[in-house]
Number of protein chains: 2
Amino acid sequence: MRILIADDDPQMVRALRITLGARGYDVVVAEDGRGALDQAIATHPDLVVLDLGMPGLTGLEVIEALRGWTDVPILVVSGRTESWDKVEALDAGADDYVTKPFSADELLARVRALSRRATPAPDEPVVEFGDVAVDLAARLASRAGSPVRLTPTEWRILEVLLRHPDRLVTREILLTEVWGPQYTSDTGYLRLYLSQLRKKLEPDPSNPRYLLTEAGMGYRFVPDR
Amino acid sequence: MRILIADDDPQMVRALRITLGARGYDVVVAEDGRGALDQAIATHPDLVVLDLGMPGLTGLEVIEALRGWTDVPILVVSGRTESWDKVEALDAGADDYVTKPFSADELLARVRALSRRATPAPDEPVVEFGDVAVDLAARLASRAGSPVRLTPTEWRILEVLLRHPDRLVTREILLTEVWGPQYTSDTGYLRLYLSQLRKKLEPDPSNPRYLLTEAGMGYRFVPDR
DNA sequence: CTCGGGCGTGAGGATTTCGTGAGGACCGGG
DNA sequence: CCCGGTCCTCACGAAATCCTCACGCCCGAG
């Protein structure tokens with residue numbers, strides 16, 4: 001049972017780490033929004049304890065980005081007590097909202113309640129298409145048996161596409177997931193990285209069969225039938 | 001979406017009934033512990049809002065009794081703010097715990113968060129007519145099984161029409177949705193794109209059966225039957 | 001019958017979007 | 001300091017899409 005703590009206050013992090021660690025939870029820490037997303041992708045936690053007041057991305061943006069690809073329970077911890085803040089966070093996809101200060105016992109009970117509800121993470125099967133195999137959890141890609149190196153950015157894009165087989169993923173969603181919501185008009189990035197991914201994964205990169213472009217809209221991963 | 005309110009305070013019941021009823025929830029009420037269990041069995045609510053301080057059975061007993069046979073989300077509402085009370089309720093099987101007083105907005109947001117967990121977001125149904133199937137969410141259209149390629153503008157128009165089956169959609173609405181409010185007199189665009197859509201989707205494009213024109217008014221999508 | 005308005009549709013040209021190569025900025029490790 | 005790897009900028013030809021324009025049809029009014 002792994003818990004990601006996303007909080008920039010060292011004292012809070014320390015307290016949470018001790019509280020949760022003592023209960024046998026495996027604790028991972030991130031200190032800003034981007035780090036939280038990176039850690040979430042890298043470690044696939046079973047629950048996220050998220051402080052809203054971090055530098056970088058806003059808490060809301062982190063919630064939305066997470067919800068783009070995972071159903072992991074999100075417990076928001078915040079100093080803001082206004083009901084509007086709670087409504088925003090919950091509607092963005094958070095599962096619970098606790099205001100500081102709070103007791104360790106209460107937090108633990110809420111963590112237990114959330115993990116009880118959580119759908120047991122189905123082990124992600126390896127995605128295969130053509131002579132390529134991609135293990136998202138292990139961050140391992142291979143082609144005709146031999147490993148293929150992908151850069152971090154390539155992984156992020158590929159992951160979003162592979163998690164929505166047959167669905168069109170809009171340029172906006174991809175850009176938001178990978179670079180953040182303020183980059184939604186930099187479509188050139190996508191062209192560049194899709195080109196790279198095809199070069200590494202497609203049988204005939206100039207005639208893509210799996211990673212398709214829909215002009216003016218976005219991209220689509222089409223698995224073999 | 002049916003919600004069971006278990007509370008013995010008539011004023012609170014009244015407030016909750018109004019708040020929830022106005023949002024379209026179907027509200028059922030019980031005023032003591034036994035009544036709550038009876039109502040739960042009788043009406044099978046999709047969510048329970050439970051006051052801990054009811055006469056008869058204690059709140060904890062109600063939670064445990066419910067958990068004996070149902071996974072319905074339980075949102076506890078209580079005047080008791082001690083963390084011990086929260087821990088007890090949550091560990092007994094409650095999913096959330098809100099202390100009085102609370103704002104209606106917050107309660108509603110928590111209700112939404114809980115029901116979201118209970119029933120994973122329902123996928124939009126696929127719209128079918130003739131030998132055509134359209135999945136708006138996935139941006140996937142097919143005809144007799146093989147995919148049909150639509151341009152972004154075609155998608156936007158089709159989406160508006162398909163979301164209002166059997167209803168007349170005025171040219172003004174269509175133009176505003178797709179090109180913006182300043183294009184409401186460029187009706188030529190609609191003729192052009194409707195023609196394209198029919199060519200791609202209608203069995204006999206020159207005798208439309210699903211995407212009908214209402215001269216001088218607008219267009220109408222008529223599903224089978 | 002004639003006429004005119006609204007509609008459908010084909011044919012390009014205008015515009016936007018894509019794919020891709022080349023190369024510079026940045027960074028952490030030897 | 002150099003170096004490999006990664007990310008990003010820039011540029012340009014190709015492709016897809018959008019829009020303009022022209023023409024013909026249908027149908028009701030006069």
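The values are calculated or read from the model by the stated rules, or taken from the named source; none is laboratory data. These numbers were taken from a predicted model, which means no experiment stands behind them. For neighbour counting, all protein chains shown are included, and Cβ atoms are generated from backbone atoms with ideal geometry for every residue, glycine included.
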- Item | Residue ranges of helices (runs of 4 or more DSSP H) in segment B:130-201 with at least 2 members within 13 Å of chain A (Cβ to nearest Cβ), within 16 Å of DNA strand C (Cβ to nearest atom) and at pLDDT 95 or above | B:152-162
- Search segment B:23-57 for residues being without any contact (Cβ under 8 Å) to a residue 60 or more places away in the chain and in a strand (DSSP E or B), and hand back the single one that is surrounded by the fewest Cβ atoms within 10 Å (Cβ to Cβ). B:ASP26
- Task: Tell me which residues, restricted to segment B:74-88, are more than 8 Å from every other protein chain (Cβ to nearest Cβ), surrounded by 19 or more Cβ atoms within 10 Å (Cβ to Cβ) and not acidic (Asp, Glu).
- Result: B:ILE74, B:LEU75, B:VAL76, B:VAL77, B:SER78
- Hey, B:ASN207 hits all of (1) assigned to a loop (DSSP other than H, G, I, E, B); (2) within 21 Å of B:PRO125 (Cα to Cα) but one; which does it fall short on? (2)
- Which residue out of B:LEU158, B:LEU114, B:LEU108 is under 30 Å from B:TRP179 (Cα atoms) and either surrounded by 14 or more Cβ atoms within 10 Å (Cβ to Cβ) or free of Cβ contacts under 8 Å to residues at least 12 places away in the same chain (or both)? B:LEU158
- Query: Is it fair to say A:TYR219 is away from chain B (no Cβ under 14 Å), over 23 Å from A:ILE74 (Cβ atoms), of a type in the set (Phe, Trp, Tyr) and touching a strand residue (DSSP E or B) at 6+ places or on another chain (Cβ under 7 Å)?
  - Reply: no
- Item | Search result, residues across segment B:89-126 that are of a type outside the set (D, E, K, R) and assigned to a loop (DSSP other than H, G, I, E, B) | B:GLY93, B:ALA94, B:PRO101, B:PHE102, B:SER103, B:THR119, B:PRO120, B:ALA121, B:PRO122, B:PRO125, B:VAL126
- Query: Residues of segment A:161-182 being aliphatic (A, V, I, L, M) and away from DNA strand D (no atom under 14 Å from the Cβ), which ones?
  - Reply: A:LEU161, A:LEU162, A:VAL169, A:ILE173
- Note on the structure: Here the residues within segment A:202-212 that are within 14 Å of chain B (Cβ to nearest Cβ) and more than 9 Å from DNA strand C (Cβ to nearest atom) are A:ARG209
- Query: For segment A:180-225, which residues satisfy the criterion of being over 21 Å from the mean Cα position of the chain (by Cα), closer than 19 Å to A:LEU168 by Cβ and of a type in the set (Lys, Arg)?
  - Reply: A:ARG191, A:ARG198, A:ARG209, A:ARG225
- Note on the structure: Per the filter on segment A:168-225, residues without any contact (Cβ under 8 Å) to a residue 24 or more places away in the chain, in contact with a helix residue (DSSP H, G or I) (Cβ under 6 Å, 6 or more places away or on another chain) and buried (at least 18 other Cβ atoms within 10 Å of the Cβ) are A:LEU175, A:PRO208
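Conditions tested, residue by residue: (1) outside the structural domain of A:GLY145 (by TED's automatic domain parsing); (2) among the aliphatic types (A, V, I, L, M); (3) within 18 Å of the chain's Cα centre (by Cα).
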{"residue": "A:GLU61", "(1), (2), (3)": "yes, no, yes"}
{"residue": "A:LEU66", "(1), (2), (3)": "yes, yes, yes"}
{"residue": "A:VAL77", "(1), (2), (3)": "yes, yes, no"}
{"residue": "A:VAL87", "(1), (2), (3)": "yes, yes, no"}
{"residue": "A:GLY93", "(1), (2), (3)": "yes, no, yes"}
